[in-house]
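For reference, the structure is listed below as structure tokens.
The values are calculated or read from the model by the stated rules, or taken from the named source; none is laboratory data. Quantities reported herein were computed from a predicted structural model and do not represent experimental measurements. Neighbour counts are summed over all protein chains in view; Cβ atoms, including those assigned to glycine, are modelled from backbone coordinates with ideal geometry.
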Amino acid sequence: MVQVDKPLDLLGGLTPNEFMKNYWQRKPLLVKGAFKDFQNPISPDELAGLSLEEEIESRIVIENGNTPWELLHGPFDMQTYHNLPETNWTLLVQAVDQVMPNVAELFKPFQFLPNWRFDDIMISYATEGGSVGPHFDYYDVFLIQSLGTRLWKIGPPADSHSPRLDHEHLRLLAEFKQSDEWLLEPGDMLYLPPQYAHYGIATSNCMTISVGLRAPSSEEILVHYTDFLSQFLPEEERYSDADQQAISSNSYFIDKQVIKRLRKILQMALADDQKLITWFGQYVTEPRYPERLIGEDISEVALKELIKNSAIIVKNPSAKLAWTEYANESILFASGYSRNFPKPYNELLKLICETDSLYEGNLANWLGDSIALTLLTELIKQGTLEFFNE
Ligand SMILES: [Mn+2]
């Protein structure tokens, strides 16, 4: 349980309630000393090491490269690092939470937010002067300073009409109007709502951890949901106009009745909340790197035996889970799939989503239950859950 009316150092003494009411999605919040005695979870060398790996998404931005704000895409090799200038470049590594459990721990202080809203933890290392330029993002972010110092210049919200520098990949603002300026030291945190212009400049070699959120765009929602719905729509369901009157003139004219008939089709299609929640849960639990969910073939009998012999089951760090209730049922979403259960299984669904590990102790009530055992087996086969190897 999160105590939502208890002041937190993380939020500069605000309670989660106050933060949500006054800052969330509204305005930036600087918190000096958000993390007391902050331990940097990853060294610059380790971060650079990750950027050499094939399956890890990384970028380097060089302010004065072959082009202004030159963007390089990983994986990199040692030669890349040898060729970099002394200063004014930044390395950015995506989804570090999925490969370093101690980085994934940084989601935990933010449990007062809906879990599905979290995307990934991106970590950047910048040499002195390093920056990715003045820009804005469409997502909320908590920027935690983990090493060295970075000066953050903040501007008013920008949008798709704001003038931008001509850059193929970076949303760089052509005009940056500064309204605030803050120097972040290790353990400090800056919360930025979507669209706020920001310009972070390393004032020494520094690292910043970005706990990033996501929010699907209206375009994404409409395109993906209607695509999901299409599987339930038979061909015979179509525009029909038995009430059409014979036309005496203006046969080329599209009259208002047509819009009414079209709207009715759309309203009928969009009225089903069960389909909407099912699509949404599947959509937001789709893994970013599905190839990392390996899955293991196992029988229910064998699984039960292993658990009784003290096997520990953990979530694959690339998997995503969520659950909900609809009408008389509960729904578990696991890495893009969903399955319905009778409501007495809520406790099990909650346990699977929330706990760090499943073992004989916390599964005791469920090991004799065939539905529960089938579910656990399926999640292991699918790769959302896996055996913990010490
Ligand atoms: Mn940004």
Residues that are surrounded by 11 or more Cβ atoms within 10 Å (Cβ to Cβ) and among the aliphatic types (A, V, I, L, M), at least 1 per element: which strands (runs of 3 or more DSSP E) completely within region 245-355 meet that?
313-315, 321-326, 329-334
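Table: residues versus (1) of a type outside the set (Gly, Ala, Ser); (2) surrounded by 14 or more Cβ atoms within 10 Å (Cβ to Cβ).
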{"residue": "Cys206", "(1), (2)": "yes, yes"}
{"residue": "Ser210", "(1), (2)": "no, yes"}
{"residue": "Ser218", "(1), (2)": "no, no"}
{"residue": "Asp227", "(1), (2)": "yes, no"}
{"residue": "Ala242", "(1), (2)": "no, no"}
Quick one: in region 184-200, which of the residues that are buried (at least 17 other Cβ atoms within 10 Å of the Cβ) and away from the ligand (no atom under 13 Å from the Cβ) is nearest to Pro44 (Cα to Cα)?
Pro186
Which members of region 356-371 meet the condition of being crowded, with 18+ Cβ neighbours inside 10 Å and either touching a residue at least 60 places away in the same chain (Cβ under 8 Å) or in a helix (DSSP H, G or I) (or both)?
Leu363
From Glu181, Glu128, which residue is more than 14 Å from the ligand (Cβ to nearest atom), more than 25 Å from the chain's Cα centre (by Cα) and outside any loop (DSSP other than H, G, I, E, B)?
Glu181
All positions within region 201-222 that are away from the ligand (no atom under 16 Å from the Cβ) and touching a Ser or Thr at 6+ places or on another chain (Cβ under 6 Å)
Thr203, Ser204, Asn205
Give me the pairs: first residue in region 64-82 and within 18 Å of Glu128 (Cα to Cα) and assigned by TED's automatic domain parsing to the domain that holds Gly49, second residue surrounded by 14 or more Cβ atoms within 10 Å (Cβ to Cβ) and at pLDDT below 95, beta-carbon distance under 7 Å, and six or more apart or on different chains, which are they?
Trp69/Glu63; Trp69/Gly133; Trp69/His167; Trp69/Leu170; Trp69/Leu172; Leu71/Leu170
Do the conditions hold for Arg164, that is, is it within 12 Å of the ligand (Cβ to nearest atom), farther than 26 Å from Lys6 by Cα and not small (Gly, Ala, Ser)?
no
Listing of strands (runs of 3 or more DSSP E) fully contained in region 1-101 that carry 3 or more residues being among the β-branched types (Val, Ile, Thr) and surrounded by 14 or more Cβ atoms within 10 Å (Cβ to Cβ)
58-64
